[in-house]
Every structure is written in structure tokens, then in C-alpha cells.
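Enquirer: Sharing a structure, written as C-alpha cells. Questions coming.
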């Protein structure tokens, strides 16, 4: 007998706007959202509040002539207004264009020019920066809605656009019942005529998501309502969120992971989202016990930072307490059968779990490579870390580790409803990962040529290289475009080599010398670029550690030299290193004689 869809309690909606509207009504006075900034709260919203605010903003959009198929861009950091605006756009049957607020103003303007939204929701300071880009004035935007507008300041807008502060859009601002004097009855808000939510078909486009925005050819992935609903169904079968769930959101909501598990998923099921408007480690750590967090999605770099902080605390324990603690860790592993079982670990390793709020059920990690040793570290502590793999073009996730038992060397097995194959595998079983499922995008906006190149006989060609284990789990080895072929014909996957040096420095990246420095086409040396940790004793100590690990690698994978780079590496929203951008920096601002040869 087929199990009912996780969306059945919402009447199996066919579009995101209908699903959200029904969820808001269903969960009523339950706590939906907490907005926190460092050590203070900005506010809380119930589902009834979300219903009223998104309904009021939907009415405002309707007055502006915004309707089915119209596009609305959001350029904001994580906050309640992001969710309110997105829900209102979906209620009007619009297409959401979530942009990365960390992109440069020029990059944001270029994507807005490509997406052609009718309305833009953005923070005031971001619009001000965009206003300094020449092309901004000619964008064909009808309305600009700005948050956090300083008193007396104007809102930057394209020449033909109207500008409105977010909190002046009907029903979109903070609850503002005011009193003229103590004990007076609050003013009643004017009644709002909220238009009915617009139904959309599963095949209609819901979001236009850019998988890259750092120059070059814009890749606007057209993801449909059916794509997102199928993705939610698959994830909810494995991790059913619900009332009582507290999800900590630190990834940008425009990111595919947080859009699903930090926005749509929790609201569909009546959970609570805690938006934290800072990534500073001390405030992230404090949020776990403060809000009794049960779930969180993060990228490998943040997970590694959590590991580093815990290891330092463990190292500071007196010898006897450290020995007792390590004994309890071993006992936890034995009693849990090698699987992370929080119920057991909370008894044996209570201080560790109390630091995470005492209710943590799962951490989801993806967006880049996670070191197996880091995953094992958390599993041994009884903290479930589900490692996954996905692409913007495929909605959110393609594979996820079921942790039964954990497979830290892999990114898990395909989600329900996803088919995965390895195309043209070599003798080592490595080939291109290809995917087919109801979650795959409809294609790239206005680019049939690129769309055709990305699909082969109905399969999405990911550009990632990997192999399947006997149990059907996926092992990734790197990106096809990053692969280095040595003079001896050996394939070197930079991501695979970088694993050997994990934990030595905050940033590490492997290049071929001829790529970094033009004119050395015959130079097949591999160069490791590293940014030293300022808290480490010295560059010489790091160099010695790199040299030791380098010797353990197969000869064709060994780096010939190290180049130490003091600046932070440029990264995407998923915290992946922008290799091309970094290579350009190195070409412009360094030279081969700065490299230190490795023995």
C-alpha cells in the first residue's frame, strides 16, 4: 500500500502559494519564526502573523498589477521580511528570483537585467550600492521595495521605478498597534481586502535561481512548483519535521538548501524557523541552547569550525577528565553500534549535547566537500550529521546519507524518486554523475543551447565526477572542469588531493602551475595554495606539516610547491572556493618565485 504524501494534510496542493496559504491557516497561533541578531531578538511571528502579513503584501502587489508569471527578485539577508515577501509573491502566482545578497552590486545588477523582474525587494544599503552601477538606471523594474531605510534617506531606484519602504506596504510591516497615552485602546488597523491565492500548475515556473553570478554566462535555472513539491515529499519521508521542530537558519535563504529546509519545509509542517543574522561562531553556538534547536543545515566550512572549537575545548580538559571523556566516547560508540544515537549520547556525553541545546536531532551538510574525519568526529559524539549532495538544477538534494550505518566517505544514496547513473565510467568506475527525477529544472532561462548541452537523453549532466559503491552510495571525486591531466596521462582531481591536507589551514586549493602562470604550458607541477591560520605558531610549522602529508600521497598526486596566500579565498554562497577567481588573483598579484618547493 502506498504511503500518503507528506503534503496530504494540506490537501495535496499543486503550487507553493496554495501550500503556504493552507499551512499558515492550519497552524494558526503556533510559533513560526524567530528573528535573532547576535544576542538580541528582533521579533517573533506566529503562523497567523505570516498569513496576515503575506496576505497584506499580496494585496499590495495586486494593486500594482503584479500577477501570475510576473517575476519578483529578493536581495536580502536572512530575516522575516524575506519569508513574508516570498510567500506574498507565491500567493499572487508570481515567479520568485532569489539573489545572493553577498554578490557585488555589479553582479546583482547583471542578474536583474537578465531576469527582468517587475518588482525588487531589497535592503536599502544594497540598493544604494546597485545605484552606483551605470546599468541600474535603465533596468525595467516597476517597483522597488526597500527594507531598513534610514530616516530621511531616499531609496535608490531605476529611472522608471516607484520606490516604497517595505513597512509601508499594506500588512507587511511589524505589528504596530500604538497608544496615544497609557491605557488607551490600540488603533484598529484598516481592513485589508486580501485577494484569493492564485492557483498554479505543477509545470509552471516557481523560481528562477541563478547557479552562478560571478560574471560570464548567466545560468537562470527555471524550477517549477512540481520540482519543489516533489523535493519536499522526498526529504519529508526521511526527516519529517513538524510542530516542536526548531530549525536554525544561518545559510542565506536564497541558497537552495535553506530555501527548502529553512523556509518551505518547516512551514509546510508547522515547525519553527530561527533566523540568525550573523555567522560569528560565538553567536551560532549560543543559539543552540537559547532556542533549543533540533535541526540545522550548514556548509562544510561551518561544520569544520564547530569541530575545531569542540576539539580545542576537549584539549583544554585536565588529563584525568580528558581520559574519562574519551572513555565515554568509546562507550557511546559501542552502545550505539556505530550509529549516531542522540538518546544514548545525551546521557553519556551530556555536557556536549547540552552545549547544542540538548534537543539536536540532525545536522544537514552539503554544498561542498565534507572531510570524512569531520563527519566521524560528530558521529562518535552521537550527533547525527547527514551528508548530502545536490545541484541548483536539481532543486535541493540528490543524495543523502541515511546514517544506517553512516558512510562518511560518500554523500549517501539517492533520495526517493531520484535515479542516478555514472556515465562512461573508466576502469576505476569513475565517470560523470547523471540524474533523472521529477525534481530536475525545466531548463535555463532564454538559453536553449546551454539547456541542450546540460541534458543527455533525459538525464541531467552534472559535470561532477564520481563512482557508486556496491551499496549504491555515491562517492564524489571532483568536478570535470577542475580535473588535471598530468604529463604521464594520470588524472588528478584537486578536491581529492585537498582532502589529504584538511584541517591544516582555513583555505587550501590545488592548481596546475601552467594554469596559474601562462607561458609555462609544459610545467606540469601541482601547486598547493594555502592561507595560514593566524593562530598557528608559524608558516614554517605549517609548511613542515604539509610536506609530511604530501609525502604520503601517490606520486602523481603530490604537490611540487606551496604558495602561501594571506587573503581569504573567494567563495560562493555554498562556501566553495571560486577557483577561477582565485587563479586570476594569483596571476595578477603573485609570481612563481614566491612558491616554496616541497621535498
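Each reported figure results from applying straightforward, stated rules to the coordinates on display, with no laboratory input. For clarity, every value in this text was computed on a predicted model and none was experimentally measured. Here Cβ is always computed from backbone atoms with ideal geometry, including for glycine, and neighbour counts include all displayed protein chains.
Enquirer: What percent antiparallel are the DSSP beta bridges of the chain, to the nearest 5?
Expert: Values: 44 of 83 bridges.
The answer is about 55 percent antiparallel.
Enquirer: Cα centroid distance between region 523-583 and region 370-397, in Å?
Expert: With region 523-583 and region 370-397 each reduced to a Cα centre, they are spaced 23 Å.
Enquirer: Over the chain, what is the relative contact order in percent, taking alpha-carbon pairs closer than 8 angstrom and at least six residues apart? Don't skip to the end; give the middle numbers.
Expert: Details: 1178 pairs, mean separation 60.1, N = 599.
Value for the chain: 10 percent.
Enquirer: Calculate the length of the line joining the C-alpha centroid of region 137-166 to that of region 272-334, in whole Å.
Expert: Their Cα centres are 42 Å away from one another.
Enquirer: Using only Cα atoms, locate the centre of region 336-358 and the centre of region 210-261, then give the distance between them in Å, rounded to an integer.
Expert: 28
Enquirer: Classify region 299-479: rounded, prolate or oblate, from the alpha-carbon gyration tensor (a ≥ b ≥ c, eigenvalue square roots; a/c under 1.5 rounded; otherwise prolate if a/b is larger than b/c)?
Expert: Numbers: a/c = 2.70, a/b = 2.39, b/c = 1.13.
Prolate shape, in that a/c is at least 1.5 and a/b is the bigger ratio.
Enquirer: Let me ask something else about it. Mind pulling the angle between the C-alpha long axis of helix 300-315 and the longest principal axis of the chain? Nearest 10 degrees, somewhere in 0 to 90.
Expert: Roughly 70 degrees, rounded to the nearest 10.
Enquirer: Helix 80-91: angle to the longest alpha-carbon principal axis of the chain, degrees 0 to 90, nearest 10?
Expert: 70
Enquirer: Using a basic spin-label model with each label point 7 Å from the Cα along Cα→Cβ, how many nm lie between residue 538 and residue 142?
Expert: Result for the modelled spin labels: 6.7 nm.
Enquirer: Now for a separate question. With everything on Cα atoms, drop me the angle between helix 319-335 and the longest principal axis of the chain, reported from 0 to 90° to the nearest 10.
Expert: It works out to around 80 degrees.
Enquirer: Decide, for the chain, between rounded, prolate and oblate: order the square roots of the alpha carbon gyration tensor eigenvalues as a ≥ b ≥ c, take rounded if a/c falls under 1.5, and otherwise choose prolate if a/b is larger than b/c, else oblate. Each step should come with its number before you reach the end.
Expert: Working: a/c = 1.60, a/b = 1.36, b/c = 1.18.
Prolate shape, in that a/c is at least 1.5 and a/b is the bigger ratio.
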